[in-house]
Structures are given as structure tokens and as C-alpha cells.
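Below is one structure, written out as C-alpha cells; comments come after it.
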Amino acid sequence: MSHPTALPRHLAVIMDGNGRWAKQRHRPRVIGHRAGARAVRTIVEYCLKRGIPALTLFAFSSENWNRPEDEVGALMRLFLRMLESEVEELTRQQVHLRFIGDRSRFPEAIRARMAAAEAIHLPSPKLTLTLAAGYGGRADIASAARRLAERVQAGTLRPEQIDEAALGETMSLADLPPPDLFIRTGGEQRISNFLLWHLAYTELWFTDVLWPDLDDAVLEAALADFAGRERRFGLTSEQVNDAALEAR
Ligand code: FPP
């Protein structure tokens with residue numbers, strides 16, 4: 001059974017295509033990233049407008065450190081500038097900003113801004129905006145496994161207590177429902193080591209639109225497609241329909 005009005009409770013996005021957007025205009029890649037930063041504003045405003053309570057954006061993968069030094073440097077400057085200029089407005093809009101991923105390689109100025117933004121307490125945020133920075137899905141799983149192993153070693157956990165729930169609770173984003181909808185712009189159809197654990201039953205939606213060209217119409221199309229999907233979570237269509245009727 002599809003739900004024409006169903007809204008994702010959590011949207012996860014790979015923002016791809018900044019470089020190609022710049023190339024189309026014969027401009028350096030950093031211009032594409034700057035335009036990409038404006039599209040971040042577009043999607044945040046959209047989530048607030050539509051009442052989507054959680055948005056997770058893949059801002060910088062663990063593999064992105066291997067990009068040319070000047071591009072990494074330009075991205076770092078852009079992140080810092082965004083943190084300096086956006087946090088106040090996000091807070092005013094009741095957006096709680098936080099980060100997942102290994103931030104140890106980020107410059108201290110950025111790490112300090114990240115910590116300061118995360119420390120802002122909003123009693124009932126309208127939107128939880130998580131930026132995945134220095135993030136890798138495999139590393140996330142490995143680090144959760146390591147933490148559980150440490151608890152076993154310390155004697156506070158028995159190996160037989162390690163199950164999906166225990167691992168899930170130890171991973172990033174444990175406090176949020178898993179993403180209902182994943183969007184990737186830029187035409188590639190892959191997950192690229194994003195939220196590997198969390199995307200198990202997420203609906204995937206891909207578009208050729210380059211990230212800086214994102215607008216409300218693209219997001220409306222994604223949400224309309226999502227609302228028409230039947231989510232079965234491994235069950236049969238009949239089981240899902242019966243459960244939906246019972247829940248009424
Ligand atoms: C992918 O495009 C984008 C990135 C690696 C960086 C994402 C950064 C932004 C959207 C701007 C800043 C955002 C925040 C949240 C501070 P690509 O460079 O891989 O594009 P291409 O595939 O066309 O080369």
C-alpha cells in the first residue's frame with residue numbers, strides 16, 4: 001500500500017556534481033562547491049517548509065582527503081566559512097547542526113566550530129541536520145565493532161549480547177530513525193560508502209540533476225516518488241496491507 005502523503009522522517013543525501021557543474025561553465029571546481037553550498041541552504045529550507053525532521057548530508061567522505069591538495073584546501077575554507085556564517089541563522093530557525101565522521105584530520109579552527117555548533121542546545125529542534133564529514137560507512141561499522149569488543153574486554157558485555165540492536169546503538173545516528181529516503185544527485189547510481197548500515201531498507205532515488213542545480217521541484221519529484229513506493233521491509237504486499245489496516 002502506498003501513502004500519497006507519506007513524508008520521510010529522515011532524508012539522507014549524496015550531493016554530487018559540483019565539479020561537473022563548474023566544468024560546464026568553464027570555471028574551477030571550487031566555484032561548483034560554492035554553488036553546492038547554496039544548494040545546502042535550499043534543501044534545509046525545503047525540509048523546514050515540508051516538516052521533514054532529519055536531514056543527513058554527505059559533505060566530505062573519508063576518501064575525499066585523497067583529492068588534489070588545492071581542492072581539499074578550498075573545501076576546508078568553504079566549510080569554515082559556512083560554519084562561521086550559517087550557524088547563527090540555523091539556530092534561529094531551530095535547526096540542530098551536528099557532525100558524524102572522523103574529524104581528527106580537520107583543521108583545529110573547523111573542529112572548534114563543529115564542537116561549538118553541536119553544543120548549542122535546542123529543546124525541540126525543527127530539524128536535525130547532520131553533516132557527514134570525514135565519514136565512511138565501513139569505518140562507522142568497524143568503529144562500532146571495536147567499541148563493543150572493548151566492552152567485552154572490560155567485562156561489561158558478553159559476546160552473545162552482540163546483536164543487530166547492540167551494533168546499531170553503537171553506530172553514528174543511533175538516536176535517529178534510519179533514513180526513509182536516500183537521494184543522490186549527479187547521475188551516479190551508487191552508495192559510495194555512505195550510511196552502509198543505515199540504508200538497509202531505505203528507498204533510493206537518483207537524479208541526473210547536478211547538486212548546485214537542486215531546487216524545490218527536484219525535491220518534490222523525489223518525495224512524490226517516495227510517497228508512491230510500497231515499503232515491505234522483507235514482508236509480502238498482503239502482510240504490509242493488513243498491518244496498515246490494523247494500524248488505522
Ligand atoms: C561532490 O561533488 C561534492 C563534494 C565532494 C563536496 C560537497 C560539498 C558541498 C556541497 C559544499 C559545501 C557543503 C557544506 C555542507 C559545507 P564532486 O566534486 O564530486 O562533483 P563531480 O562528481 O561533478 O566532480
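The values are calculated or read from the model by the stated rules, or taken from the named source; none is laboratory data. All values derive from a computational prediction rather than experimental measurement. As a convention, Cβ positions derive from the backbone with ideal geometry for all residues, glycine included, and neighbour counts pool all protein chains shown.
Before moving on, here are some points about what is shown:
- The set of residues in the range 149-207 that are surrounded by 14 or more Cβ atoms within 10 Å (Cβ to Cβ), under 25 Å from residue 126 (Cβ atoms) and among the hydrophobic types (A, V, I, L, M, F, W, C) comprises 171, 173, 176, 181, 182, 183, 194, 195, 199, 205.
- Residue within the range 44-51 that is within 21 Å of residue 101 (Cα to Cα) and within 11 Å of the ligand (Cβ to nearest atom) present: yes
- Unmet criterion (only one of (1) part of a helix (DSSP H, G or I); (2) more than 8 Å from the ligand (Cβ to nearest atom); (3) surrounded by fewer than 20 Cβ atoms within 10 Å (Cβ to Cβ); (4) modelled with pLDDT of 95 or more) for residue 78: (2)
- Lone unmet requirement of (1) more than 27 Å from residue 223 (Cα to Cα); (2) within 8 Å of the ligand (Cβ to nearest atom); (3) touching a residue at least 24 places away in the same chain (Cβ under 8 Å) for residue 20: (1)
- Residue list for the range 151-191, restricted to those being of a type in the set (Val, Ile, Thr) and either within 30 Å of residue 21 (Cβ to Cβ) or in a helix (DSSP H, G or I) (or both): 152, 170, 183, 185, 191
- Inspection of the range 215-237 finds no residue satisfying the criterion of being in contact with a helix residue (DSSP H, G or I) (Cβ under 6 Å, 6 or more places away or on another chain) and of a type in the set (Phe, Trp, Tyr).
- From 230, 246, residue being surrounded by fewer than 15 Cβ atoms within 10 Å (Cβ to Cβ) and free of Cβ contacts under 8 Å to residues at least 12 places away in the same chain: 246
- Checked against (1) surrounded by fewer than 19 Cβ atoms within 10 Å (Cβ to Cβ); (2) away from the ligand (no atom under 13 Å from the Cβ), residue 87 passes all but a single condition, namely (2).
- Considering residues of the range 208-219 that are surrounded by fewer than 17 Cβ atoms within 10 Å (Cβ to Cβ) and free of Cβ contacts under 8 Å to residues at least 40 places away in the same chain only, the residue farthest from residue 234 (Cα to Cα): 217
- Where a residue in the range 42-70 is touching a residue at least 40 places away in the same chain (Cβ under 8 Å) and closer than 30 Å to residue 124 by Cα and its partner, wherever it lies, is of a type in the set (Phe, Trp, Tyr) and in a helix (DSSP H, G or I), with Cβ under 8 Å and at least six apart: 52/46; 59/79; 60/79
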